[in-house]
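The values are calculated or read from the model by the stated rules, or taken from the named source; none is laboratory data. Here the structure is a predicted model, which means the values were calculated and not measured. All Cβ positions, glycine included, derive from the backbone under ideal geometry; neighbour counts span all protein chains shown. Each accessible area value is taken on the protein alone, full model and side chains, heavy atoms only, with ligands, DNA and RNA left out. Shrake-Rupley method; radii C 1.70, N 1.55, O 1.52, S 1.80 Å.
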Amino acid sequence: MNTDTLYPPSTMDLLSRGMACLVKNLGVVEAEYFIAAVQRERFDYTKWQRKHFEDVDLHSFVNEAAEYAKSIGK
């Protein structure tokens, strides 16, 4: 298991990159619909991520995250 420390991006950097990703993949209008839906539906991220990642091996996840960080120069 890789023991390098991964630091989270700043809030503004994360929001900017997330919005750019949404706009690139959904377009401006659907990106706004997505954000509105998350706010309106009282989206429980913790519950969602537990279900989404329940079958993901921890070591694989950490290694993939570390590889991604390297690929973006972090």
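For the reader, a short list of remarks on this structure follows.
- A Cβ-based charge dipole, computed about the Cα centre of the range 1-72 with Lys and Arg at +1 and Asp and Glu at -1, lands at about 240 debye.
- Candidate residues M12, M19: accessible-area rank, largest first, probe 1.4 Å: M12, M19
- Charge-dipole axis of the chain as Lys and Arg at +1 and Asp and Glu at -1 on Cβ define it, positive-most pick from A69, P9, H59: P9
- Candidate aspartates and glutamates - alpha carbon under 17 Å from K24, same-chain residues fewer than 8 apart omitted: D13, E32
- Helix-derived mean residue ellipticity, 222 nm - over the chain, DSSP H n ≥ 4, -39500 (n - 2.57), to 500: -21500 deg cm²/dmol
- Partner aspartates and glutamates whose Cα lies under 20 Å from the Cα of K51, excluding those fewer than 8 positions away in the same chain, are identified as E41, E64.
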